[in-house]
Amino acid sequence: MKSVIVATALAFGFAGSAMAADAMVEDVVVVDSTYNWSGVYVGGQVGYAFGNADYVYDPDSPDPDYDYANDPDGFIGGLYVGYNHQFANGVVLGGEADFAFGNVEDSDLAPGDDTYSASTEIDWTGAARVRFGYVFDRFLPYVAGGVAFGHYDFEELSNGDDYGDHDGGLVGWTIGLGAEYPFTDNWIVRGEYRYTDFGKENFISNHSDDEYDIDVDIHDVRIGVAYKF
């Protein structure tokens, strides 16, 4: 009788151990260290922009004495929204749109007549871009490029008094490099460098009726945090 009791206890002991082992194996299986980038995300970003805003006075009969070479720079900040799709081979394709306000500005004296000066402010930029990345565990480096938009204000002074002004839109192209890392399943941090070329635009200044070609390009670095749904 004692041997039956001992055998029964051992059987229950082995069964309990097996069940516990199964439970432990099951727990290990459901833990997934990989990350899936597919989905919609919304984020905020801040950064610093710097570039060139060059003006050619009277393009049909150039007079370099009244050209301006502004080097606007300043802080930017805004929002972005996008969608990623991750393929089985680790490639991530997506689309993203962003908008950023800024105080990116500079002023300059006319090189041949220092009674005149001009300032440029780029007060907002935006872009619609395609992104291509490749997953390394939970790390996603990417390249992105597309169409860029912006807005600038031009103001010219003569002996410190208002002389002419103009505000206009900018359209060009942009390309950038970046990397993202999810520090939780939903929150993603990123860093990015971007170059934007808005090309040339012709305008006639209000009040003065002076004609200029403006050529603008911008570099910027940004950091952002996004929530993936």
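The values are calculated or read from the model by the stated rules, or taken from the named source; none is laboratory data. The shown structure was predicted, so the numbers you read here are calculated from the model rather than taken from an experiment. Every residue, glycine among them, receives a Cβ derived from its backbone with ideal geometry; neighbour counts consider all protein chains shown. The accessibility values were calculated without ligands, DNA or RNA, using every heavy atom of the protein model including side chains. Shrake-Rupley method; radii C 1.70, N 1.55, O 1.52, S 1.80 Å.
Can you spot a residue in region 221-228 that is under 30 Å from THR115 (Cα atoms), in contact with an Asp or Glu (Cβ under 8 Å, 6 or more places away or on another chain) and surrounded by 19 or more Cβ atoms within 10 Å (Cβ to Cβ)?
The initial filter retains those residues of region 221-228 that are under 30 Å from THR115 (Cα atoms), namely none.
Among the residues of region 221-228, not one is under 30 Å from THR115 (Cα atoms), in contact with an Asp or Glu (Cβ under 8 Å, 6 or more places away or on another chain) and surrounded by 19 or more Cβ atoms within 10 Å (Cβ to Cβ), which makes the answer no.
Kindly state which strands (runs of 3 or more DSSP E) lie completely within region 137-229 and contain at least 1 residues that are in contact with a His (Cβ under 6 Å, 6 or more places away or on another chain) and without any contact (Cβ under 8 Å) to a residue 40 or more places away in the chain. So that I can check it myself, show each step before the final result.
Values: elements: 140-158, 161-182, 187-204, 211-228.
Fully inside region 137-229 and qualifying: 161-182, 187-204.
Candidates VAL135, VAL147: the one that is among the aliphatic types (A, V, I, L, M) and open to solvent by 50 Å² or more (accessible area, probe 1.4 Å) is VAL147.
Table: residues versus (1) at pLDDT 95 or above; (2) farther than 23 Å from LEU157 by Cα; (3) of a type in the set (Lys, Arg); (4) within 14 Å of the chain's Cα centre (by Cα).
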position: SER61; (1), (2), (3), (4): no, no, no, no
position: TYR68; (1), (2), (3), (4): yes, no, no, no
position: PRO72; (1), (2), (3), (4): yes, no, no, no
position: GLY78; (1), (2), (3), (4): yes, yes, no, yes
position: GLN86; (1), (2), (3), (4): yes, yes, no, no
position: GLY90; (1), (2), (3), (4): yes, yes, no, no
position: GLY94; (1), (2), (3), (4): yes, yes, no, yes
position: ALA100; (1), (2), (3), (4): yes, yes, no, yes
position: ASN103; (1), (2), (3), (4): no, no, no, no
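Of all the listed residues (ASP27, ASP22, ASP32), the sole one being more than 30 Å from SER205 (Cα to Cα), of a type outside the set (Ser, Thr, Tyr), in a loop (DSSP other than H, G, I, E, B) and modelled with pLDDT under 85 is ASP32.
How many residues are under 23 Å from ASP73 (Cα atoms) and either in contact with a Leu (Cβ under 6 Å, 6 or more places away or on another chain) or of a type in the set (Gly, Ala, Ser) (or both) if we restrict to region 100-142? Matching residues across region 100-142 total 10.
Limited to region 61-80, what total is found for residues that are within 22 Å of ASP123 (Cα to Cα) and hydroxyl-bearing (Ser, Thr, Tyr)? Going through region 61-80 one residue at a time, the tally reaches 2.
Could you check region 68-102 and list, in sequence order, the residues that are in contact (Cβ under 8 Å) with a residue 12 or more places away in the chain and among the polar types (S, T, N, Q)? Before the answer, list the steps.
Let us first name the residues in region 68-102 that are in contact (Cβ under 8 Å) with a residue 12 or more places away in the chain, namely 68-86, 90-102.
ASN70, ASN84, GLN86 - these are the residues of region 68-102 that are in contact (Cβ under 8 Å) with a residue 12 or more places away in the chain and among the polar types (S, T, N, Q).
The set of residues in region 170-184 being open to solvent by less than 50 Å² (accessible area, probe 1.4 Å) and out of contact with any Leu (no Cβ under 6 Å at 6 or more places or on another chain) consists of LEU170, GLY172, THR174, GLY176, GLY178, ALA179, PRO182.
For region 150-169, taking the residues that are among the small types (Gly, Ala, Ser) and open to solvent by 30 Å² or more (accessible area, probe 1.4 Å), the one that is farthest from GLY78 (Cα to Cα) is identified as GLY160.
Once region 182-227 is narrowed to residues that are of a type in the set (Lys, Arg) and under 19 Å from the mean Cα position of the chain (by Cα), the residue that is farthest from TYR152 (Cα to Cα) is ARG190.
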